[in-house]
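In what follows, a structure is listed as structure tokens, so that the remarks can point back to it.
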Amino acid sequence: PITVTLNQPSPKGIFSNNQAELECIITGQDETIVNEIKVTWQIDGQDVTDNITETTKSVDGQRIKTSTMTRSRTEWQRVNKVRCSAIRDDMTPVIQDLTVHKGG
């Protein structure tokens, strides 16, 4: 089994860099499974394929894949919902939804 974690972007990062960085973190013990997982992003129901980077590393026997989506501050202000999906052929997709909190 894998876990998928989707975090709110840091308000400080939005403020100082004028961009929102969202991390979708896939964690599992089976290296093959984590390596084969495809991470897809949606903003308000629309697929997003640009400004996404991916890294994979091993920590304490866990395989961790991090997909990072970057959005400009102006674009982020229009976003209401973000979805990150972890997809692999023989597995039910694991989906995390994030409702954006527009604080400040």
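Worth a mention:
- Virtual spin-label span in nm between Glu31 and Asp50, 7 Å along Cα→Cβ: 3.6
- For the chain, the residue among Met91, Ile33, Val79 whose Cα projects farthest onto the positive side of the dipole built from Cβ charges is Val79.
- Relative contact order (percent, whole number), the chain, Cα cutoff 8 Å, 6+ residue spacing: 30
- Stretchable slack from Ser58 to Ser72, in nm (0.36 nm times residue separation minus alpha-carbon distance): 2.0 nm
Each value in this text was obtained by applying a stated rule to the coordinates, not by laboratory testing. Small disclaimer: the values here were computed from a predicted structure and weren't measured. Cβ atoms come from the backbone with ideal geometry, glycine included; neighbour counts cover every protein chain shown.
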